[in-house]
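Report on the following structure.
The values are calculated or read from the model by the stated rules, or taken from the named source; none is laboratory data. It should be emphasised that the depicted structure is a prediction, and the values quoted were computed from it without experimental measurement. Cβ placement follows ideal geometry from the backbone for every residue including glycine, while neighbour counts extend to all protein chains displayed. For the accessible areas, the whole protein counts, side chains as well, though only heavy atoms, and no ligand, DNA or RNA atoms are used. Shrake-Rupley method; radii C 1.70, N 1.55, O 1.52, S 1.80 Å.
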Amino acid sequence: MPRLKGLSSLFRSSVKPKAKAKAKAAAATATATATVKNSTAMDAALKQYVSSLDISSPSISHSVGKSSVKYPNPPPDPINAHASLAVRTVLPMLKAEGPVLGSEKETKQLAEGISSILRDNDSHETSSKKSSEKQLEIPWIPNFYNEVRSEQRKEVSRKRKHIWVFKSTQVNRFDRLVKMCAQTLGVQATIDAFGKLGRENGLKEYNALIKICIGKARESDNEDVMLEYISRAFQLMKLMKEQGFQLENETYGPFLMYIVDMGMVQEFDFFCKFIKEDNPSSLGRLGYYEMLLHIRVDNKEKIQELCNYISVNDLNEPISLQENYLLALCETDQKNELLQLSEIIDITKVSSLGNAVSIFKSLGRLLLESLAEKFLLEFKECDYGIEHISTLIFSYATSIPNLAVEDIILKFKSMHTELEVAPTLKSYEKLLIFCCDLRKVYAALDLVDQICREGLTLSIDMLNSILLASDAVFEFNLGQRIYSLICQHNLIPNSETFRSMISLRAKMKDFGGAYDLLNDVKKLKLTPTASMYNAIMVAYFREKNINGALTVLKEMERAEVRPDSQTYSYLIANCDSEDQIIKYYEELKVAGISVSKQIFMALINSYATCGQFEKAKLVLLEKGIPIKNLNEIKSVLVSALASHGQLCDALDLYEEIKEAGKYLEPKSVICLIDHLQSEDEISRLLQLLEELQDPDYWVDGCYRVILYCIRNKHTSSAVNLLKQLKDRFSNDEVAMQVLFDEVFSLFAETEPSQLHIGLELLQALKNELCVTPSRKSLDFLLSACGRAKDLRNSNLIWKEYKAAGYPYNVASYLRMYQALLASGDSKSAKLMLANIPKDDLHVYVIIEACQKAYNRSKSAKGKNKKNKSKKTQKKEPKVK
């Protein structure tokens, strides 16, 4: 890569011969020893502080939460504030030499700096987690946990402290600390910090730091910054070697993958040599990255050279090198080279099932069924295991492109039949999850029926997945069929199964059936849960049936089921008076139910609905709002204010969120876009659109802004948005065409006066974006021409069909016939009618409706003209 050509020399100059490296390491050790002796006071102070740290302290969490939530004044960003404090106080001390922490004041400053990093990331922990950690409260530096011991810890055995506490809390906490400090202080400062704290860096710490360096390099577009972080990562690997750690794939993998992605060939050779010197056994895995690199830079000659080498030397080279070359070829779908290596590799010696799965997925994508069958037969002959073979068949069948789910299931079954092996329950369950992910619920249910008929015991969790998928695709009626399958095959439903089935019944407005399921819960001696009743309650509220919802609350009391936070959030959100809001909120607190973020959101929406906007704002001052949820709750307030006409306040809060370095939630951004409809808001709308990072929300917001542009005649902005749509979906022509169709569908619903914008967008689509308009887009525009009674543009769009290569069909003839009638061109309409086949009843009905509508309109106009003529004649004076 030309722009990074100086990288090799940079690293070569940093690598010394082994003898020099040993001398340097010895000198470094001596220097470190001297430094340690000179900083005894600093170490003692740090050890004493660190050993007493309690990052899960409720008081810390409460103080941060309380100080961070203030409205209407814009709150400071607590994370940024603490980060800057840490940099100002900790970093200079880390760089200083000698006993800089001799005084109590200086020790306290460093303590506060590290605490600031810990507090912000742990203040959102739940109270249950805090209490479980506090049961055995030990410091997070293992060398010093004997210095400060509580009475409770004295009663706990040393074995339990070492095994349970260390593994469940200390390791995870320290891993998080490494990442937090590296992101805040920098990599080198973090290494220095933990060295001063008496903690030697281990493999996990080094690997975490290397990943952070690579992540920073990937994020940057600046060449110097990229080189700096690559250099830091390399220095970390050097330091690991000097400390006796062997470089494994977990360490060098992310580093080499970045070098591959950047196409840095010379640098890659240099780093591979460095790694092989330390770990000769890494040769096979390095071959994987080498093959990926040459594929990345499209060096076909080198790819073929590697394949030829392994083919000629297949007996002398280790299987790991063959396997890793094959893996790289499979992951990048290099068909010809894959076929070449498949002739010499022993597939049964692949090191792991995961690697075999990757190979079979590639065979599926490349439609290499004969090779897949050959490999499967080899696995079967060597007693590979039916479970693994079935998994490989699943991997192959589900990777075949452009194959319907039903056909994938048939392929899955037929391949098992050919091999004379039965599908395992595990592979069946994977196939069910695959169907659910694609929302193919009917295929999933047919598969469940077959699995049960084969005598396999299916996990109830699989049916729960199908219930969730049915809900997602609005197939609410499938709840009854699933319940029938459960009863028919004697499956045992759990509480989640019943909750999902009750929810589906309630969404169908079958409240009687939902209550029947609740009775079945009791018959099966399961405990009814609040979530089951909540599913019925929210359905009643959705239908604006307040009495029905309150009846559910009474049923909960009779069944002795305690309402939960979700119950009260539904009740509060549907209050129509301030007194009701206060009533339910007080009930919740008296019942001792924790106030969730849903409660705060419900309070905001309910107060806004009642017109109490100031009280809605005051919700942000409530105690107990977790910092991690504060921005989400503020976003709900923005939506509530905008939806109820308080647009200025909503925009003020939006600006406050931006100033704090946060982002508005996507739903709230969409809400603001919907309500900013005055003529001079285009710049703000485009700014809001930029904030949407989620692709689905961005497309939704883009449509809304384009509709605004159409209504307010901002043609150039609409064209720019179309260009952005094209750029985002340039690799998927089908998706791009569907999105353009959605844009042009807007003209079928807008005012006729806005037709000219649609025609301008059509020309921009053809001339500026070089995209051929789809048939649907032309259909929408032709319908808009008919509504506008625009004969000239109707003829223009009619010619566009031919220019785009679309033959006229019945639908296009009908639309043009309607447009001609509407425009008053009866003669041309009669000629067009001759081209429309009338043997279809629906077509005949449409023609008749058009004739009645436009003939009536024509006759009405004729009558008006005639009456006007008569009145004029009566008023005319008689000529004498």
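General remarks:
- Scanning region 812-840 for residues that are surrounded by 16 or more Cβ atoms within 10 Å (Cβ to Cβ) and either out of contact with any helix residue (DSSP H, G or I) (no Cβ under 8 Å at 6 or more places or on another chain) or of a type in the set (A, V, I, L, M) (or both) gives LEU814, MET816, ALA819, LEU820, LEU821, ALA822, ALA829, MET832, LEU833, ILE836.
- Tally of residues being touching a helix residue (DSSP H, G or I) at 6+ places or on another chain (Cβ under 6 Å), outside any helix (DSSP H, G or I) and surrounded by 20 or more Cβ atoms within 10 Å (Cβ to Cβ) across region 770-791: 1
- Index of the failed condition, ILE303 passing every other in (1) at pLDDT below 90; (2) out of contact with any Lys or Arg (no Cβ under 6 Å at 6 or more places or on another chain): (1)
- As a summary of the residue check, ILE230 satisfies the conditions (1) surrounded by fewer than 17 Cβ atoms within 10 Å (Cβ to Cβ); (2) closer than 30 Å to LYS300 by Cβ except for the one numbered (1).
- Listed by first and then second residue, the pairs with beta-carbon distance under 8 Å, at least 6 apart or on different chains, first residue in region 379-394 and at negative phi, second at pLDDT below 90 and open to solvent by 70 Å² or more (accessible area, probe 1.4 Å), form an empty list.
- Of the criteria (1) modelled with pLDDT of 95 or more; (2) closer than 19 Å to LYS597 by Cα, which one LYS623 fails: (1)
- Among the residues of region 642-658, none qualifies, meaning not one is β-branched (Val, Ile, Thr) and under 21 Å from ILE706 (Cβ atoms).
- Per the listing LYS302, LYS273, the residue uniquely free of Cβ contacts under 8 Å to residues at least 24 places away in the same chain, within 38 Å of the chain's Cα centre (by Cα) and in a helix (DSSP H, G or I) is LYS302.
- Candidate set from region 659-681 (those that are over 26 Å from the mean Cα position of the chain (by Cα) and closer than 16 Å to ALA718 by Cα); member that is surrounded by the fewest Cβ atoms within 10 Å (Cβ to Cβ): ASP680
- Given (1) open to solvent by less than 30 Å² (accessible area, probe 1.4 Å); (2) under 19 Å from TYR703 (Cα atoms); (3) part of a helix (DSSP H, G or I), index of the condition SER794 fails: (2)
- The helices (runs of 4 or more DSSP H) found wholly in region 682-769 and carrying at least 2 residues that are touching a Pro at 6+ places or on another chain (Cβ under 9 Å) and open to solvent by 60 Å² or more (accessible area, probe 1.4 Å) occupy 695-712.
- Residue check for SER569: modelled with pLDDT of 95 or more, polar (S, T, N, Q), surrounded by 18 or more Cβ atoms within 10 Å (Cβ to Cβ) and closer than 27 Å to TYR515 by Cα: yes
- Residues satisfying the stated conditions in region 325-354, i.e. loosely packed, with under 15 Cβ neighbours inside 10 Å, in a helix (DSSP H, G or I) and in contact with an Asp or Glu (Cβ under 8 Å, 6 or more places away or on another chain): THR348, LYS349
- Within region 528-563, the set of residues being within 31 Å of the chain's Cα centre (by Cα) and among the hydroxyl-bearing types (Ser, Thr, Tyr) comprises THR529, SER531, TYR533.
- Scanning region 724-783 for residues that are touching a residue at least 40 places away in the same chain (Cβ under 8 Å) and among the hydrophobic types (A, V, I, L, M, F, W, C) gives LEU739, VAL743, LEU746, ILE757, LEU761, ALA764, LEU765, LEU769, VAL771.
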